[in-house]
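The structure follows.
The values are calculated or read from the model by the stated rules, or taken from the named source; none is laboratory data. These numbers come from a predicted model, not from an experiment. Because the Cβ atoms are built from the backbone with ideal geometry, glycine has one as well, and the counts that use them run over all protein chains shown. Surface areas here come from the heavy atoms of the whole protein model, side chains and all, with no ligands, DNA or RNA. Shrake-Rupley method; radii C 1.70, N 1.55, O 1.52, S 1.80 Å.
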Amino acid sequence: MRSPSVRRGPQIHGEESQTPPMASLSTKTPTWPRSSWRLLCAQTPLHGPVLCRDPHGPSLHRDPPPSPDQLQQKIICPGPVTCLTASPNGLYVLAGVAESIYLWEVSNGNLLAILNRHYQDLTCLCFTDDSSHFLSGAKDCLALVWNLYSVLQAEPSQIPDPRHVWSRHSLPITDLCCGFGGPLARAATASLDQTAKLWEVSSGELLLSVLFDVGIMAVTLDLSEYHMFCGGMDGSIFQVDLCAWPVQRDRTFQSERENTKVFKGHRNQVTCLSVSTDGSLLLSGSHDETVRLWDIQSKQCLKTMNHKGPVTNAFIVLAPANMFNPDGKPSVPLPKFSRHLHGTESSDEPGTEGVTLRLGLHQQEPGQSYLEKAERMYSQMHSTREKNLVGDQEHLTIQVSELEEEVSNLRKINKDLFDFSTRIITKPAK
């Protein structure tokens, strides 16, 4: 399935279906029953594979394998994983286990942090587009904004504070979505309290709250952030105009008046939403065991993909360049993820060696840390710039001297012209 706006078409990830491989996560069936998964996916750009959560045990699976002769990788986690995401830069993986957030470094599998600030089970996680912040939502009705670098630099004995705590929802958070702009981005939250809210990540301010007739299970923004799409428990998908006039922070979506802004087709609650890069297509998954592809402008369903169980996650991504290459392999192998915090005695497991790419004070390897190297590079750049400035000052001094000499010549010429004109004007007539 290809999007008209990109050269390489999007790939739709979801549970096993009868559609071609381009539109599904995998067509191979592993030893455990695939149709019974509650599928939670995370894709890392450097490693290629998609990580999926198995509900029958505390494990993550790498899927699909690059070739038939390569075994599936199974990563044992500290407990059942309720939500999963990877940073856009491919360096970190977040997982929600009960009420805790686990942060791993992808390059070596080290467990960098365990965050315990929620009071009930996690339901959703997402990163900002620049990987500098991440958001977490849980059944305790709270959405938290975390600064990744503050988390990485905290001591193991300390629990870092979130940058913002959003507590305006009255029922569990069901979904999160973050727009573009890094720490200046806007984020959307969905809840069972029948509202979807739009926030500013930098200030933590509530920008918009929209009340619906049903509980909201999924939310997403288009690339231009002109529209917010909300999936309801009754199977409806609502399109909210973020630039509507007059501007109101509290709005009520009236389905009768705004019937042209509702996607109808699902027979059960909508669980996931994703918009194509050109903003023309909307992908939705539902507990009615279908994934639907919609044309946003006409609200017409273009394609329906049937599954063998409730769909819990589906999203559109650009197809990798070597997707159809039978010899294609991930550029970096995926390591075993540790179940113990990095730096503790229990974390010294074989096979966890790797290049440490993260920021932080936990680094135990000999040599300079990333921050020390960055400071040294900055000092070198600063000294080089000073040298350049000294050279530039000498060049500017020469230029100033030349310009002053030219101005002096022009003044002399102007004085000569003035004297000549004066003599001509004051010369008595014969």
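So, R0 is 51 Å and r is the distance between the beta-carbons of Ser170 and Leu396; what FRET efficiency does that work out to, to 0.05?
Approximately 0.20, to the nearest 0.05.
Please give the FRET efficiency for Asp278 paired with Val407, using the beta carbon to beta carbon distance and R0 = 60 Å, rounded to the nearest 0.05.
Working: r = 57 Å, r/R0 = 0.96.
The pair Asp278/Val407 has a calculated efficiency of 0.55.
Against the globular-protein guess of 2.2 N^0.38 Å, express the Cα radius of gyration of segment 184-320 as a ratio, rounded to two decimals. Numbers along the way, then the final one.
Details: Rg = 14.4 Å, N = 137, 2.2 N^0.38 = 14.3 Å.
For segment 184-320, the normalised Cα radius of gyration is 1.01.
Show me, for segment 236-246, the HN-Hα J-couplings you get by feeding each phi into the Karplus relation (A = 6.51, B = -1.76, C = 1.60, θ = phi - 60°), rounded to Hz, glycine and proline as x.
7, 10, 9, 9, 9, 7, 7, 10, 5, 10, x
While we're looking at this one, here's another question. Taking 26 Å as the cut-off for C-alpha to C-alpha distance, list the pairs among Lys139/Lys197; Lys264/Lys308; Lys197/Lys261; Lys74/Lys197 that go past it.
Working: Lys139/Lys197 16 Å; Lys264/Lys308 21 Å; Lys197/Lys261 18 Å; Lys74/Lys197 37 Å.
The answer is Lys74/Lys197.
Here's a follow-up. Can you put Thr189, Thr260, Thr123 in order of accessible area, largest first, using a 1.4 Å probe?
Correct descending sequence by accessible area is Thr260, Thr123, Thr189.
Out of residues 5 or more away from Asp140 or on other chains, whose amide H comes under 5 Å of its own, with H placed 1.01 Å from N in the peptide plane?
Hits under the 5 Å cutoff: Tyr119, Gln120, Ile173.
Enumerate the amide H contacts of Lys303 below 5 Å, restricted to partners 5 or more residues apart or on another chain; note that Pro and chain-start residues carry no placed amide H.
The list, which skips near neighbours in sequence, is Leu293.
With θ set to phi - 60° and the Karplus curve 6.51 cos²θ - 1.76 cosθ + 1.60, what are the ³J(HN,Hα) couplings of segment 146-156 in order, to the nearest whole Hz, using x for Gly and Pro?
Whole-Hz 3J(HN,Hα) from phi for segment 146-156: 10, 8, 4, 5, 5, 5, 6, 8, 6, 5, x.
Using a simple charge model, +1 on the beta-carbon of Lys and Arg, -1 on the beta-carbon of Asp and Glu, nothing else, what dipole does segment 80-144 show about its Cα centre, in debye to the nearest 20?
100 debye
Each label point is 7 Å from the Cα along the Cα-to-Cβ direction; what then is the distance between the points at Asn306 and Ser202, in nm?
Using points 7 Å along Cα→Cβ, the separation is 5.0 nm.
Suppose every Lys and Arg Cβ carries +1 and every Asp and Glu Cβ carries -1, with no other charges. What dipole size does segment 65-224 come out with about its Cα centre, to the nearest 20 debye?
The calculation lands at about 120 debye.
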